[in-house]
Structure formats: C-alpha cells, structure tokens
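In what follows, a single structure is set out as structure tokens and then discussed.
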Amino acid sequence: MTQFTRRKFIQLVGAGSATAALSACSTSPSVHTGRYGRKVVIIGGGPGGATAAKYLKRFGHDIDVTLIEPKATYHTCFGSNWVLGGLAQMSDIAQTYGALQDRYGIRVIADTATGIDTTNNTVTLASGETVSFEKLVVSPGISMRWDSAEGYSAEVAETRMPHAWQAGPQTKLLRRQLEAMPNGGTFIIVAPGNPFRCPPGPYERASMAAHYFKRFKPRSKVLILDNKEAFSKQGLFMAGWKELYGDMIEWVPSSEGGQVERVDAQKMTVYSDGGFNEFKGDVINFIPRQQAGAIARYTGLTNDTGWCPVNQQTFASSTHEHVYVIGDASIAGAMPKSGHSANTQGKLVAAAIVRALDGDDPVAPSLTNTCYSLLAPDYGITVAAVYRFSDGSIKGVQGAGGVSPADASREFRTQEANYARGWYAAITSDSWG
Amino acid sequence: MTFTRRIPVMAAIVFGGMFISSQAAAEASRSAVLASTCFACHGTDGKSPGSIPSIAGYPAEIMEMQLRTFRDGTRASTVMDRHARGYTDEEIRMISAYLSKLN
C-alpha cells in the first residue's frame, strides 16, 4: 500500500512550489489545501463511521477517505429486535460497503485497527500495516463490561445468556433460544443502567418477544429485570403492552428487585438484593453495562466513565489532537446513544473536518434524533429531539421533541409503525448507500 | 460568518482554476448541515427509499409553509411537529431553500 502523505507530496513537488502554495494559503487557505490529497481515516463502519465517510466525500470532494472495518457485512443493532420477533430476517438488517467504495470512492480496509500514533498520525492495523491520516474519526461503538454481574462473562454471553446488543451471531443465538423455548416458559431480559446503547431497545425487545409468544407460545412470560427506576418512552410502552399483550410482560425496577448482581449460567438463574431475590428463566438475555469500543480505550480516548469526552461542537477528542470520536463511544451531552445519533454526528463531524482542513470556523451544530420502536408489526412509537450546542454542551431545543402522544389513535400507531420501516430504509441508505 | 463565507468566493475569482475546491468548502455550510439532518429519515438528498415522503425539489415557499404549519400544529403529523418546533424561521428558510435545489 502506498502511503501518499502530505509531507511526501511537498517533497515531490519541490520546495519552491510548496512555498508558493503556503504563501497563497495565508490569504485563502480553503483554495489550496485540497491539492494535497488530504487524508481522513475512519475507524469503524457502523452508522457513525459509514455516514462520516460518505459525507466527507459529499461535503469535500477532494478528500481521500479510508474506512477501516473488519466485517464485510455489518448487521445493524437497530432492527435486530424485529428479527427476534420474527418480523425480519438477518439479511434485512445486513449492510455492506460496496456503495461507499464504488459510488463515493472510499477506500475500505477489511481489518481491525489496533493502535493510533498521534505523533506520526498513523493508525496501526492487525495485519501490521499502518495508515496515515491528517484527521482521524473514531467510531468504535460499544464494548461490553464483562464485570457487570458476578458469574457473567464473554463465555456466558456466547453460550447461555446472549446479550444480543451487537447484532450478528448474538442475535441468531437469542432467536434460536426463543424458538426452542417451550410454551409457558419465562424469557428474562436484564436491562442495564444508564447510559447504554439504544435506550428504548430492551423494551422494544420485550414487545417483539411478546408478539412472537402471543402467536406461538401464548402461556409464556416476558420478565424485565431493570437496573434503573425508569426507562425511555415508559408510559407508551406500558400502555401498549397492556393493550396488546395483557399481563404477558412484567417490568421490575431496580428498587423492587430488578437490580441483578449475580448470574448462574448453569442454573439459568439471576439474583438481586444480595441473593434475596432469584429469578429462573428458560431464556435469559443479559444486557450488560457498556463502554466505548476497545480501540478507544486502548488509545486513551476514554475518561474514567469508559466513554470518550469530546468538544461537543465538533466532536474533536478532548485528549488527542486531529482525532474525532462519534457515535455511541462519545459523550455527546443530551444525545442518546443511538444509530440515528451516530448518523447525524457523522454528518456534523464530516462538516467540521472539511471546514478545519479548509481553515474555516466550525459550523453551528444541528443534530437530531428519532428513535422508532415497534410494539407490534402495526404499532409504532417514537421519541424525537432536535439538538443545539450551547454553553459547552449539546442540549435538546426547549419545546421541541418528545414522545408520541399518549392518546393517539391506532391509526396513528400504525402510521408510525410504517414509518419505522421507512426510517430503517432511509437511515441505512443514508449511511451505507 | 459573513466574512468566512465571502473569502472562498473572492478567492475563486482570483484563482479561477481552483473553483472546485471553493465549491466543496461551500458545501460544508450551515444550510447543508441543517438540511442533511432531514436525510436520516427522508433519504439522502431528500429522496426517500421507503414509506417516509421524499422532500427533494419542493418549491421553497411550499416547504417553508409546511414546516411552519407542522410547527404551529395546524398541519397534522406523527413526528414532524416535534421536529419543526426545533427550528427558527431563519433556519426553516435555509432548510427549505436548500431542499428546493435538490432534484
């Protein structure tokens, strides 16, 4: 692989012309920097990284963009609950990188980033190769905290108690377990405390499981053991559950025994309140606490929360110059950790980088989020927000956003369910297409 | 803001052959960033691949009126009222003007 860095280019063209270019830059940097084949590297091909790659090409045509992602096929976490409920197949949530390569000229490297050298501005890959950058976007998503409960581990997740909080083999494993569960069985979802990826996700999952059980295993139960006292769109979920599924779904907050502290994978039992409460499940979906993806932690981009502090106007890392962190891994003020947040942050960081390379001031951030959840194939709800940057952090615009109306008609819920599928089609094509 | 926006235009006149770069810089504009937030649901460049309506190429005054009526609640919607309330008149004008140029 040829490393065509800016420094080499200056050597190639000779000192004379480089000096001429630099002196012209002093009057108008935006005109000149483009000629050097400015290199931006992106680590992570989820909705954040893919969107950043695409919009770097859209906002700045002369940027050399490289995307590093080990998976040839990326399964979106959003939509994976629909697979669990039997509404969609794995192929429906599979995304690939062909369009980013062919339509936008983005170089995609199928490898894992293992290190970042901020002195020489290079990324090291598992293969041993290095890739140089002028600006680096890190969009690594989440990694699991295997110490979330005593007895819990990566091995437990891969065998008995899948988290299914990164889509792919984990989704398939949990789906197989639900299919194998007897009628009359108990499906336990252990939901983490805040913050975590996809705040409405555990509750949409409970809904999708109930939808499946209602049709095929109607005597079954869904028990949510929650490590918190309240959850996203709670009023809408609980009203919808009653309407659609009667008493099939039960939610236990942390103060009433929901705070799981220990798991026993052999006995398929989880324990709370110092062992005072125990819950036996036929299928147990333990969703652990989370932190930024591994590369962010190994390279010092995280703080003691396990997430990455950034300048919330540009998503520039607070710790590393020329490095930006977006998506679930970043600390983004009031924004939830969602695929939609990652997509909108990918666009903002693309604009911020193009403007920084051009010597322009950052643009005023405008960010949005819409989280669609399906309670049934024809029953959808949303939470939405518009965000701005003020006083050093991202805040929701007062008076905007909020959840679907509590008193909406079934027609309204059906329309939002249709739009949930439309949202999936749009956001995936906006990110990868 | 006016200052930074004018610079590339002036430069484009002086260094005519490098116009493409200044066009690129112009595309990372406030309007482009504002409008791009719509594309997550309505599709890139406002062309929807699914059940959510496309928004590309509407005359600016019609899009402006739609966003304003979503915002004040006189036009029924599922989620657009909640989004439209997040934008000022000026921002609605910028978004509508940008979307009107897409086709």
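The values are calculated or read from the model by the stated rules, or taken from the named source; none is laboratory data. Source: prediction; values computed, not measured. Here the Cβ positions follow ideal geometry from the backbone for every residue, glycine too, while neighbour counts run over all protein chains shown. The protein model used for the area step is the full one, side chains on, heavy atoms only, and it has no ligands, DNA or RNA in it. Shrake-Rupley method; radii C 1.70, N 1.55, O 1.52, S 1.80 Å.
Side notes on the structure shown:
- Given (1) open to solvent by 30 Å² or more (accessible area, probe 1.4 Å); (2) in contact with a helix residue (DSSP H, G or I) (Cβ under 8 Å, 6 or more places away or on another chain); (3) not assigned by TED's automatic domain parsing to the domain that holds residue A:41, number of the condition residue A:191 does not satisfy: (1)
For (1) touching a residue at least 12 places away in the same chain (Cβ under 8 Å); (2) assigned to a loop (DSSP other than H, G, I, E, B); (3) within 14 Å of chain B (Cβ to nearest Cβ), each residue gets a yes or a no:
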residue: A:51; (1), (2), (3): yes, no, yes
residue: A:55; (1), (2), (3): yes, no, yes
residue: A:71; (1), (2), (3): yes, yes, no
residue: A:78; (1), (2), (3): yes, yes, yes
residue: A:81; (1), (2), (3): yes, no, no
residue: A:88; (1), (2), (3): no, yes, yes
residue: A:91; (1), (2), (3): no, no, no
residue: A:100; (1), (2), (3): yes, no, yes
residue: A:108; (1), (2), (3): yes, no, no
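- Boolean, residue A:258 is in contact with a Ser or Thr (Cβ under 8 Å, 6 or more places away or on another chain), outside any helix (DSSP H, G or I), surrounded by 21 or more Cβ atoms within 10 Å (Cβ to Cβ) and of a type outside the set (D, E, K, R): yes
- The set of residues in the stretch A:119-139 being buried (at least 20 other Cβ atoms within 10 Å of the Cβ) and either more than 23 Å from the chain's Cα centre (by Cα) or not assigned by TED's automatic domain parsing to the domain that holds residue A:93 (or both) consists of A:121, A:131, A:133, A:134.
- In summary, residue A:143 fulfils each of the numbered conditions (1) outside any strand (DSSP E or B); (2) under 30 Å from residue A:420 (Cα atoms) with the single exception of condition (1).
- Condition met for residue A:246 (at positive phi, open to solvent by 20 Å² or more (accessible area, probe 1.4 Å) and not assigned by TED's automatic domain parsing to the domain that holds residue A:336): yes
- Among (1) facing another protein chain (nearest Cβ under 10 Å); (2) open to solvent by 10 Å² or more (accessible area, probe 1.4 Å) - the single one residue B:34 does not satisfy: (2)
- Among residues of the stretch B:47-78, those that are open to solvent by 40 Å² or more (accessible area, probe 1.4 Å) and under 22 Å from residue A:397 (Cβ atoms), counted: 8
- If you go through the stretch A:267-297 and keep only what is open to solvent by 30 Å² or more (accessible area, probe 1.4 Å) and either among the β-branched types (Val, Ile, Thr) or free of Cβ contacts under 8 Å to residues at least 12 places away in the same chain (or both), you end up with just A:278.
- Residues that are closer than 23 Å to residue A:44 by Cα and hydrophobic (A, V, I, L, M, F, W, C) within the stretch A:158-184 comprise A:164, A:165, A:167, listed in sequence order.
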